[in-house]
Amino acid sequence: MHKSKKIKRLIKYILITAVPALICVLLACSVSRGYIHINGFSASKYAIKGVDVSHYQGEIDWSEIREQGIGFAYIKATEGSSHVDDRFAYNYENAKNAGIRAGAYHFFSFDSPGKTQAENFINNVGEYSEMLPPAADVEFYGDKRTNRPDAESVRKELKDFLGALEERYKTKPVIYVTEDIYDLYIDGYFRGYPLWVRSIWGTPPKGIEWTFWQYTDKGRLEGFAGDETYIDLNVFSGTKEEWEVFR
């Protein structure tokens, strides 16, 4: 075979096989490192964008966060019946001072009573002016994904927790859920509560009426320097006008 024909066939082979494979690798790396978000296009149509943070994000410049189009922040306050996030007060006050609407969230424990968890939250959060509704972060941790807690017990303790917060703050708390948590514990049992759905590989499943959507856990923003490289990004389901009256 003529040498030039061999070269042409080799180039054609490379273009057909190697180049697409390289593109796939580059795309996968970009997604895993947070440079491209799978849900970025779908999330972009929502006007109100936010973050959720804890002490893992370290020192946060909330004014710089605000300048990047962030309008709200849910900030970790407490966990279980005794743990308090030592960055909560600083983060809340500075987010609010930067013009970001802020709320507090509690990491719900499957290993302690809902009432004592509510006491932990209420005692350490108190009541801040213009605070977003409190949120309960319900997700598996440790070995809970494979050793799943009893559904009836979880619902009872979560009901106690939410009820105590609702009585204290006069508003229904937001429930943060993964899709499996929703299916196992929430669906059909906590009607009327605003839902905050984590769905990072696609849009939230049809049939779930959500208020907030965490669309990626690989957000890259300027303005924080902690142990965690990334920041969670969220959107609000409604319009700007609906956001103004959301309480």
Sort out which residues of segment 194-212 are more than 20 Å from residue 171 (Cα to Cα) and in contact with a strand residue (DSSP E or B) (Cβ under 7 Å, 6 or more places away or on another chain), and write them in order of number. 198, 199, 200, 204, 208
Segment 186-247: strands (runs of 3 or more DSSP E) wholly inside it with 1 or more residues that are charged (D, E, K, R) and touching a His at 6+ places or on another chain (Cβ under 8 Å) are 212-219
Quick one: residue 97 ticks every box in (1) touching a residue at least 60 places away in the same chain (Cβ under 8 Å); (2) over 21 Å from residue 211 (Cβ atoms) bar one, so which box is it? (1)
Selected residue (only one of 140, 161 is in the same structural domain as residue 109 (by TED's automatic domain parsing), within 14 Å of residue 110 (Cα to Cα), touching a residue at least 40 places away in the same chain (Cβ under 8 Å) and not in a helix (DSSP H, G or I)): 140
With respect to residue 231, determine if the residue is over 17 Å from residue 60 (Cβ atoms) and surrounded by 15 or more Cβ atoms within 10 Å (Cβ to Cβ). no
Give the residues of segment 121-137 that are of a type outside the set (D, E, K, R) and part of a loop (DSSP other than H, G, I, E, B), sorted by residue number. 126, 128, 129, 131, 132, 133, 134
Residues 81, 153, 109: which one is at pLDDT 95 or above and closer than 21 Å to residue 214 by Cα? 109
Give the residues of segment 161-178 that are surrounded by fewer than 16 Cβ atoms within 10 Å (Cβ to Cβ) and of a type in the set (Asp, Glu), sorted by residue number. 167
Considering every residue within segment 227-244, establish whether at least one is assigned by TED's automatic domain parsing to the domain that holds residue 110, modelled with pLDDT under 95 and not charged (D, E, K, R). yes
Matching option when the condition is closer than 30 Å to residue 245 by Cβ, out of contact with any Asp or Glu (no Cβ under 8 Å at 6 or more places or on another chain) and surrounded by fewer than 21 Cβ atoms within 10 Å (Cβ to Cβ), among 152, 127: 127
Taking the criterion of being under 23 Å from residue 236 (Cα atoms), under 14 Å from the mean Cα position of the chain (by Cα), part of a strand (DSSP E or B) and touching a residue at least 12 places away in the same chain (Cβ under 8 Å), would at least one residue in segment 53-72 satisfy it? yes
Residues (in contact with a helix residue (DSSP H, G or I) (Cβ under 6 Å, 6 or more places away or on another chain) and either at pLDDT below 95 or more than 15 Å from residue 210 (Cβ to Cβ) (or both)) located in segment 39-52: 47
When the residues of segment 212-247 are filtered to those that are small (Gly, Ala, Ser) and within 15 Å of the chain's Cα centre (by Cα), which remaining residue is farthest from residue 90 (Cα to Cα)? 237
Among residues of segment 44-91, those that are among the aliphatic types (A, V, I, L, M) and more than 26 Å from residue 243 (Cα to Cα), counted: 1
Taking segment 179-211 and keeping only residues that are over 13 Å from the mean Cα position of the chain (by Cα) and charged (D, E, K, R), one is left with 180, 183, 187, 191, 206, 209
Among the candidates 149, 205, residue that is touching a Ser or Thr at 6+ places or on another chain (Cβ under 8 Å), more than 20 Å from residue 105 (Cα to Cα) and in contact (Cβ under 8 Å) with a residue 24 or more places away in the chain: 205
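The values are calculated or read from the model by the stated rules, or taken from the named source; none is laboratory data. Just so it is clear, the structure is predicted and the values come from calculations on it, not from any experiment. Glycine also receives a Cβ, built like all others from the backbone with ideal geometry; neighbour counts cover every protein chain displayed.
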